[in-house]
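Student: Got a structure for you, written out below as structure tokens; questions coming shortly.
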Amino acid sequence: MKVIGIVGLGTMGVPMAKSLLRAGFEIVVSGRKSEVVAQLVEMGAGSAVSPADLARQCEAVLTMLPADKAVIDVVTGPDGIANGGKPGLVVIDSSTVSPSTSKRMAEELAKHEIEFLDAPVTGSEPQAVDAKLTFIVGGKKQIYERCKPLFEAMGKGSFYMGSHGAGTYTKLSNNTISAITLIAFVEGIVMAAKGGVDPERFIEVISQGGARSGQIANKGPKILQRDFHPNFATALMYKDLGLAAEIAQEMNLPVPALAIAREMLKIAIAKGYGRQDVCSVIKCYEEWAQVEVSK
């Protein structure tokens, strides 16, 4: 595969496009933000007027979109990929969506002899910029093997998880753990700060023991520096937990910790932190405790 299309030029899509360019792939982009498209064209990308037009020019199309409806519209809409792609095209959806959406897209594209992989990622903006994402893939294994060079160009690794939907099931389960871990960390560090403990020292200590986690490593420094720039926005994590809650309900699976974490993010959104990084949820706890956690 040499010519790759990219739809969804946001926080993640743009650095992923740049990684593919650096790796020597030809890319074609389509997006609503003309200035972003122009920037990528200046770097050597081609452009398309619609997802259908983009699909006509490419051997594979990567989508990185914010929600299920956007994926459905881009893939199956009137100017969607399905209406422009030739038989043999591969669509790789790296959005975080419902497993039912992934399965539906696979079925719809199969009618056009187009292949589909659900391939959400772990990692946020810094990992996308550094090409250190991890791809979690569902679909046909032989199609996954064909696409591995793309995953290697944008990330540090990829994992084949099984049939269509397996990637999205894994991603939503991962984000459930991430959100619950973040809330636990926020509660603990606010408690320590309220007790007079140095927050920076606190993170150093807990990072040596059983409480250590990737969330603490990633979000601890941002909290200490009062940096709430959205590497992963609160509203997006809330959306993902909503999808996780839906599949838990389908499975008749109790998820009380997920429910609490989601409610905390809902409070943060009500406070106006929806577009800030998910770690901004700490400001709710700080308000209640009347303490600020900083370096």
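A short reminder: the numbers here are calculations on the coordinates, not readings from a lab. Keep in mind that this is a model prediction, so the values were computed, not measured. Don't worry about glycine lacking a Cβ; one is built from the backbone with ideal geometry, like all the others, and counts go over all protein chains shown.
Student: Starting at the first residue of the stretch 140-145, write each ³J(HN,Hα) from the Karplus equation 6.51 cos²θ - 1.76 cosθ + 1.60 with θ = phi - 60°, in whole Hz, x for Gly and Pro.
Tutor: Result, rounded to whole Hz: 6, 5, 5, 6, 4, 4.
Student: Also: Please list, in chain and number order, the residues 5+ apart from residue 28 or on another chain whose amide H is under 5 Å from its amide H, with Hs placed from the backbone.
Tutor: When sequence neighbours closer than 5 places are left aside, the close amide H contacts are 4, 5, 6, 46.
Student: If you don't mind, another one. If you rank 154, 191 by fewest surrounding Cβ atoms within 10 Å, what's the result?
Tutor: Working: 154 27, 191 14.
Listing 154, 191 from fewest to most nearby Cβ atoms yields 191, 154.
Student: So which residue, out of 49, 71, 37, gets the largest mean-square fluctuation from a GNM of the chain using Cα contacts under 10 Å as springs?
Tutor: Highest fluctuation of the listed residues: 49.
Student: Could you list which residues have their amide H under 5 Å from that of residue 232, counting only those 5 or more apart in sequence or on another chain, with H placed in the peptide plane?
Tutor: For residue 232, the qualifying residues are 278.
Student: Under 5 Å between amide hydrogens, which residues at least 5 positions from residue 162 or on another chain qualify, with H placed 1.01 Å from N in the peptide plane?
Tutor: Close amide H contacts, sequence-distant or interchain: 139.
Student: Let me ask something else. If the cut-off is a Cα-Cα distance under 16 Å, which lysines reach residue 132, setting aside same-chain residues fewer than 8 apart in sequence?
Tutor: 18, 148, 156
Student: I would also like to ask the following. Build a GNM of the chain with springs between Cα atoms under 10 Å: which of 219, 111, 156 gets the top mean-square fluctuation?
Tutor: The residue with the greatest mean-square fluctuation here is 111.
Student: Kindly write out, for the stretch 35-41 in residue order, the coupling ³J(HN,Hα) from the Karplus curve 6.51 cos²θ - 1.76 cosθ + 1.60 (θ = phi - 60°), rounded to whole Hz, with x marking Gly and Pro.
Tutor: 5, 6, 4, 4, 4, 6, 4
Student: Positive end of the dipole of the chain, charges at C-beta (+1 Lys, Arg; -1 Asp, Glu), about the Cα centre: which of 220, 49, 177 has its Cα farthest in that direction?
Tutor: Checked the options; the winner is 220.
Student: Okay, moving on. Whole-Hz ³J(HN,Hα) for each residue in the stretch 196-211, computed from phi via Karplus 6.51 cos²θ - 1.76 cosθ + 1.60 with θ = phi - 60°, x for glycine and proline: what do you get?
Tutor: Going residue by residue, I get x, 7, 5, x, 5, 5, 4, 4, 4, 5, 5, 6, 9, x, x, 7 Hz, with x marking Gly and Pro.
Student: Now a separate question. Note down the nm distance, to one decimal, between modelled labels 7 Å out along Cα→Cβ at residue 39 and at residue 142.
Tutor: 4.0 nm
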